[in-house]
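Enquirer: Quick one: the structure is below, questions incoming.
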Amino acid sequence: MSGIKQLAGQTIWYGASSIAARFLNYLLTPYLTAILTGAAYGEMTILYSAIPFLNVIFTYGLETAYFRYVQRKEHEEDVFNTASVSLITSTVLLTSLMILLKTPIANVLRIEKHPEYITWSALIIAFDSLSVLAFARLRLENRPRKFAFIRVTGILVNIALTYLLLSVFPKLAAEPNSFWSTVYNPDMKVGYVIIANLIQAVVTLILLRKEFLSFKWKFNGQLWKTIMLYSLPLIIVGFGGVINETFDRIMLAWWSGAGTEQAIKTQVGTYGACYKLSILISLFVQAFRMGAEPFFFKQSQGENPQRVYARVMKFFVITVCTMFLVVALFLDTWKHFIQNPIFWKGLGVVPILLLANIFLGIYYNLSIWYKVTNKTIKGAWITIIGSLITLVINYLFIPTYGYMACAWATFFCYGTMMVLSFVWGQKYYHVPYAWKKLVAYIVIVVLLYFVDLAFVMIGLNVWIERAFAALLLGLFCLFILNVERKEFQRLPIIGKYLRRKVV
């Protein structure tokens with residue numbers, strides 16, 4: 001249980017601070033949906049859907065490779081030095097290339113009027129990429145407090161600058177003969193969001209300067225080849241992951257049958273805003289991933305790590321199933337996270353995306369088998385299959401069904417990847433997952449959601465509906481406590497309250 005306690009502690013620290021920094025627009029969604037038009041929010045959504053795709057190219061799996069090859073203490077500095085030299089060199093080259101090609105890239109993303117957005121985005125990606133190994137070192141050394149401090153500081157800088165640029169400066173510029181009236185462009189709101197993000201990336205790297213500058217200009221060519229053989233298939237995994245996670249917004253912009261340019265971007269904005277309502281599970285999955293990757297690799301060196309992996313999976317599924325109910329049963333409340341009611345018409349995608357993100361989180365748990373067995377090419381194939389499912393469903397159905405096609409494509413993509421990873425993983429690296437019980441938990445929460453949906457259709461008072469939803473949530477929690485009573489009794493803090501038999 002000590003391993004699970006360690007992972008739980010790391011996950012809490014790496015939680016919202018790390019993920020909110022990476023997906024900062026989650027935290028700014030209420031503000032941005034209120035201050036930007038539907039089309040402008042759609043334009044921003046398209047751009048921020050492309051950035052993760054480019055991040056994969058810039059980092060090319062080095063973070064995971066670093067965790068894989070740094071486990072032997074005598075190789076730690078050599079691995080860090082070689083990976084750092086490689087990352088810095090490639091970042092400079094790729095950033096320069098991206099800036100040179102800013103116009104065609106802007107045309108592909110349908111933001112041809114603003115090629116400068118591409119330049120600023122290239123610099124964001126560059127600074128983020130240079131921070132990757134420094135953050136990885138903090139995670140490896142189990143220094144979550146500094147990790148969290150830097151992430152939170154970046155968040156505060158971004159939020160403050162976004163507010164200043166979008167709310168304070170426009171008022172200053174409106175004053176007669178003001179200096180700000182000569183430099184502030186009120187039509188460049190999306191651009192100011194990007195600039196705030198760029199400054200955040202710079203501040204983050206400055207705060208990481210000690211870790212970033214701790215490498216030496218030493219390059220081990222043979223080690224680099226070994227790292228590349230391991231990490232290059234992870235580029236395919238990364239590409240597929242981005243296609244499955246964010247690229248559907250770009251595909252929606254390409255293939256939507258909404259008609260006008262403004263209508264298309266508004267549809268993209270609607271999907272992007274509603275996608276944010278799966279934030280509770282998305283943030284937990286990402287936070288779990290941040291803490292789990294180094295934890296899983298360390299556990300692989302111990303005795304019977306498969307037993308630990310199975311128990312971690314159980315607690316993970318219980319947690320995300322509870323989160324599903326918290327969001328899905330109270331969606332009428334959560335929708336106010338989106339300030340512009342024009343986006344509420346897309347709320348139907350939220351339960352689908354919540355389930356999809358549950359599948360994705362389970363897949364992340366399962367994926368340890370190909371990482372510890374050095375079979376990353378298998379992971380690449382799983383992701384390729386998932387990506388093909390995403391591309392085919394979106395291409396065939398977006399023109400007719402719009403963002404609903406995107407949601408179902410995400411659902412079937414992650415569901416397929418989860419099943420394939422489980423089947424192949426049990427063949428190459430058997431882990432005793434209690435899969436029948438875990439499948440039952442997922443089915444139960446889906447059934448509870450449909451029960452609540454049927455109750456809402458009766459048309460009673462909203463507070464009665466919320467009370468019924470709370471009752472369903474409470475019944476599920478009580479059910480889990482009874483079924484998993486022995487497991488919960490062994491947990492810190494809450495365990496002592498469960499020593500007596502739960503009714």
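Enquirer: Out of all the residues in the range 158-179, is one or more assigned to a helix (DSSP H, G or I), modelled with pLDDT of 85 or more and closer than 22 Å to Thr59 by Cβ?
Expert: yes
Enquirer: If a residue has to be surrounded by 21 or more Cβ atoms within 10 Å (Cβ to Cβ), at pLDDT below 80 and acidic (Asp, Glu) to count, how many in the range 245-268 make the cut?
Expert: Selection size over the range 245-268: 1.
Enquirer: Looking at the range 232-245, is at least one residue in contact with a helix residue (DSSP H, G or I) (Cβ under 7 Å, 6 or more places away or on another chain), assigned to a helix (DSSP H, G or I) and farther than 30 Å from Leu391 by Cβ?
Expert: no
Yes or no, residue by residue, for (1) among the aromatic types (Phe, Trp, Tyr); (2) farther than 28 Å from Tyr364 by Cβ:
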| position | (1), (2) |
| --- | --- |
| Tyr230 | yes, no |
| Glu245 | no, no |
| Thr260 | no, yes |
| Val268 | no, no |
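Enquirer: Has the range 78-99 got any residue that is in contact with a helix residue (DSSP H, G or I) (Cβ under 6 Å, 6 or more places away or on another chain), open to solvent by 30 Å² or more (accessible area, probe 1.4 Å) and not acidic (Asp, Glu)?
Expert: Yes, because at least one residue in the range 78-99 is in contact with a helix residue (DSSP H, G or I) (Cβ under 6 Å, 6 or more places away or on another chain), open to solvent by 30 Å² or more (accessible area, probe 1.4 Å) and not acidic (Asp, Glu).
Enquirer: Still on this structure, I have one more. Take the residues in the range 106-125 that are over 12 Å from Ile195 (Cα atoms) and touching a residue at least 40 places away in the same chain (Cβ under 8 Å); name whichever of them is most open to solvent (accessible area, probe 1.4 Å).
Expert: Arg110
Enquirer: Would a scan of the range 186-199 turn up a residue that is farther than 24 Å from Tyr271 by Cβ, open to solvent by 40 Å² or more (accessible area, probe 1.4 Å) and either hydrophobic (A, V, I, L, M, F, W, C) or touching a residue at least 24 places away in the same chain (Cβ under 8 Å) (or both)?
Expert: Within the range 186-199, one or more residues are farther than 24 Å from Tyr271 by Cβ, open to solvent by 40 Å² or more (accessible area, probe 1.4 Å) and either hydrophobic (A, V, I, L, M, F, W, C) or touching a residue at least 24 places away in the same chain (Cβ under 8 Å) (or both).
Enquirer: Among the residues of the range 53-77, write down those that are of a type outside the set (Val, Ile, Thr) and open to solvent by 30 Å² or more (accessible area, probe 1.4 Å).
Expert: Phe53, Leu54, Glu63, Arg68, Tyr69, Gln71, Arg72, Lys73, Glu74, His75, Glu77
Enquirer: Yes or no: Val242 within 16 Å of Val56 (Cβ to Cβ) and crowded, with 16+ Cβ neighbours inside 10 Å?
Expert: yes
The values are calculated or read from the model by the stated rules, or taken from the named source; none is laboratory data. Quick caveat: nothing in here was measured; it's all calculated off a predicted structure. All Cβ positions, even for glycine, are placed from backbone atoms using ideal geometry, and neighbour counts span all protein chains on display. Heavy atoms of the whole protein, side chains included, go into the accessibility calculation; ligands, DNA and RNA do not. Shrake-Rupley method; radii C 1.70, N 1.55, O 1.52, S 1.80 Å.
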